[in-house]
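Working notes, beginning with the structure itself.
The values are calculated or read from the model by the stated rules, or taken from the named source; none is laboratory data. Here the structure is a predicted model, which is why all the values come from computation and not from measurement. A quick note on method: Cβ atoms are made from the backbone with ideal geometry, for glycine too, and the neighbour counts reach across all protein chains shown. Surface accessibility is based on the protein's heavy atoms, side chains included, excluding ligands, DNA and RNA. Shrake-Rupley method; radii C 1.70, N 1.55, O 1.52, S 1.80 Å.
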Amino acid sequence: FGLASVPKFLLLGVAIFVAVLAFMLVAALLYFVCKIPFLGAVLAFVVHPVLVLIAAVAIIACVWVIFPLFAPAVWSGLSFKNALASVFAIARNRIVPVVLMMMVLYIILAVIGMLVMTGLFPASMSLTGLASGIMGGGGANYGAYGGGYGGGYGGGLGSAMSMFSSGAMIGAMLGMSVLGILVGALVALVAMMGMNVLYLQASAGLDTAGTESDLEGAFGAMKEKAREA
């Protein structure tokens with residue numbers, strides 16, 4: 001089911017790219033119109049801030065609504081069109097509560113991350129320093145001593161000890177990497193759960209029929225334009 005959801009996410013990326021491209025083309029056309037002498041300056045005074053405001057609202061909707069809520073919509077079993085209609089209906093009718101709830105979720109994640117790092121960071125720094133002093137430094141010092149004292153045999157033994165010490169530190173660092181991944185996964189699970197709950201609250205009792213018909217009309221117009229092209 002997860003693999004079957006991947007094409008929907010790719011299709012969302014393609015749809016957003018097409019929408020951005022269409023917006024940029026319209027903006028470029030308006031900017032060309034603004035090159036008209038005298039009247040163009042007045043037009044640019046209005047057109048440029050309006051385009052910036054539209055783009056800003058679209059980016060806020062994508063970052064705070066569409067991207068976080070599209071995944072729970074797809075994972076709940078909706079098709080691409082139904083998931084998109086659900087997210088757009090939320091963005092159209094409940095964007096302010098969703099943005100506020102998303103901010104609360106991010107604050108909770110920041111607090112959880114701070115609590116975890118309060119213990120993890122000093123513990124990892126102090127113990128990593130101790131481990132490097134014992135597992136990483138001893139072999140190197142012995143190798144230097146052996147190389148200066150006994151020629152080939154001592155140098156070879158020192159190199160072997162150094163390699164063993166480096167391998168131990170590599171194992172320790174790999175273990176720390178796994179620990180970091182596990183801690184990050186736990187925080188990510190909290191974020192995913194929060195987004196799922198947020199989507200369920202935002203979509204409860206929301207009528208998406210009108211948004212679905214609007215999307216069908218938009219898709220139909222795009223197909224007609226593509227066929228004409």
One residue from 213, 203 being at pLDDT below 90 and open to solvent by 40 Å² or more (accessible area, probe 1.4 Å):
213
Name the residue that is surrounded by the fewest Cβ atoms within 10 Å (Cβ to Cβ), counting only residues in the stretch 50-75 that are in contact (Cβ under 8 Å) with a residue 40 or more places away in the chain and among the aromatic types (Phe, Trp, Tyr).
75
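State yes or no: is residue 4 within 22 Å of the chain's Cα centre (by Cα), modelled with pLDDT of 90 or more and exposed (fewer than 11 other Cβ atoms within 10 Å of the Cβ)? Write out each step before concluding.
Numbers: within 22 Å of the chain's Cα centre (by Cα): yes; modelled with pLDDT of 90 or more: no; exposed (fewer than 11 other Cβ atoms within 10 Å of the Cβ): yes.
No.
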Considering only the stretch 179-200, state which residues are in contact (Cβ under 8 Å) with a residue 12 or more places away in the chain, of a type in the set (A, V, I, L, M, F, W, C) and open to solvent by less than 50 Å² (accessible area, probe 1.4 Å).
183, 187, 191, 195, 198
Residue hits (the stretch 76-93; touching a residue at least 24 places away in the same chain (Cβ under 8 Å) and crowded, with 17+ Cβ neighbours inside 10 Å) are 80, 82, 83, 84, 85, 86, 88, 89, 90, 91
Which residue out of 144, 131, 123 is modelled with pLDDT of 90 or more and among the small types (Gly, Ala, Ser)?
123
